[in-house]
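A.B. asks: Attaching a single structure in structure tokens format; questions to follow.
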Amino acid sequence: MKKFVLLLVATLALTACKTVKIENGEVPDEYLSRAKKVEGVYQGSFEGRRGELAITFQGNRPVLTYKDARGDSFVMPQCQSSVNDLKWAYVTRKGVVESVGFYFDPGVCFMDGREVVLSFSNNYNTIHVRILDRRYFDRHCRWEVVDPRVGPREICETTQREVNLNGKFSR
């Protein structure tokens, strides 16, 4: 009985939120009124550089732009990076948009990230921005004696570590 209750709680937790995959960068009509709540201009900083983040809509298509003293790129201007169409949105069961992801092209610069992730505060007044910069794989090995007849054996584990570029913006 205890396992059944745990399974039921886990199932309800998983059905509480869902990721909506976006076709052609356009917000589906049933989510458009909620999505437009994030429209506006936000002031803040990205990786320590003061800038302006703007979310506008062209019909059902949200457009994300960023501008600072160096230009209109989240990364170095020489990279010629670009933020493209909306890729996905994470919506709670109550219809609150928690986060969204836009396709990201790093241009000529080497970055592992291919999307800009925006996470919203409950009242949509604050946005946290994240772009994956690098993904590192660390290998840790140790020697263990599993069977004394065979002798020591090397056991290795690989862990993944991500380094993100971050920003925070407010209305």
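A.B. asks: Could you figure out which of (1) at pLDDT below 95; (2) under 18 Å from the mean Cα position of the chain (by Cα) isn't true of Arg153?
C.D. replies: With respect to (1) at pLDDT below 95; (2) under 18 Å from the mean Cα position of the chain (by Cα), Arg153 is out only on (2).
A.B. asks: Considering only residues that are under 14 Å from Ala54 (Cα atoms) and among the hydrophobic types (A, V, I, L, M, F, W, C), which ones fall in segment 118-141?
C.D. replies: The answer is Leu118, Phe120, Ile127, Val129.
A.B. asks: Within segment 78-102, how many residues are surrounded by 13 or more Cβ atoms within 10 Å (Cβ to Cβ) and either of a type in the set (Val, Ile, Thr) or farther than 20 Å from Val41 by Cα (or both)?
C.D. replies: Looking only at that region, the number is 11.
A.B. asks: Continuing with this model, one more query. Would you mind telling me which numbered condition in (1) aromatic (Phe, Trp, Tyr); (2) within 17 Å of Thr56 (Cα to Cα); (3) modelled with pLDDT under 95; (4) not in a loop (DSSP other than H, G, I, E, B) Tyr124 fails?
C.D. replies: (4)
A.B. asks: Being free of Cβ contacts under 8 Å to residues at least 24 places away in the same chain and touching a Phe, Trp or Tyr at 6+ places or on another chain (Cβ under 9 Å) narrows it down to one of Glu47, Glu39, Glu98, Glu115, so name that one. Break it down into steps so the answer makes sense when it comes.
C.D. replies: On the way: Glu47 fails: free of Cβ contacts under 8 Å to residues at least 24 places away in the same chain; Glu98 fails: free of Cβ contacts under 8 Å to residues at least 24 places away in the same chain; Glu115 fails: free of Cβ contacts under 8 Å to residues at least 24 places away in the same chain.
It is Glu39.
A.B. asks: Filtering segment 67-119 down to residues that are touching a strand residue (DSSP E or B) at 6+ places or on another chain (Cβ under 9 Å), of a type in the set (A, V, I, L, M) and part of a loop (DSSP other than H, G, I, E, B), which residue is farthest from Val20 (Cα to Cα)?
C.D. replies: If we take residues in segment 67-119 being touching a strand residue (DSSP E or B) at 6+ places or on another chain (Cβ under 9 Å), of a type in the set (A, V, I, L, M) and part of a loop (DSSP other than H, G, I, E, B), then Ala69 is farthest from Val20 (Cα to Cα).
A.B. asks: Could you tell me which of the residues Val116, Val91 is modelled with pLDDT of 95 or more and under 23 Å from Lys168 (Cα atoms)?
C.D. replies: The unique qualifying residue is Val116.
A.B. asks: Does at least one position in segment 128-142 carry a residue that is outside any strand (DSSP E or B) and either closer than 21 Å to Thr19 by Cβ or not hydrophobic (A, V, I, L, M, F, W, C) (or both)?
C.D. replies: no
A.B. asks: Among the residues of segment 21-41, is any part of a strand (DSSP E or B) and either touching an Asp or Glu at 6+ places or on another chain (Cβ under 7 Å) or closer than 15 Å to Ile127 by Cβ (or both)? Working first, answer last.
C.D. replies: Taking segment 21-41 first, the residues part of a strand (DSSP E or B) are 21, 40-41.
Okay, now just the ones that are also either touching an Asp or Glu at 6+ places or on another chain (Cβ under 7 Å) or closer than 15 Å to Ile127 by Cβ (or both), so 40-41.
Yes - at least one qualifying residue is present in segment 21-41.
The values are calculated or read from the model by the stated rules, or taken from the named source; none is laboratory data. Everything quoted here is computed from the prediction, not taken from an experiment. Note: ideal-geometry Cβ built from the backbone for every residue, glycine included; neighbour counts use all protein chains shown.
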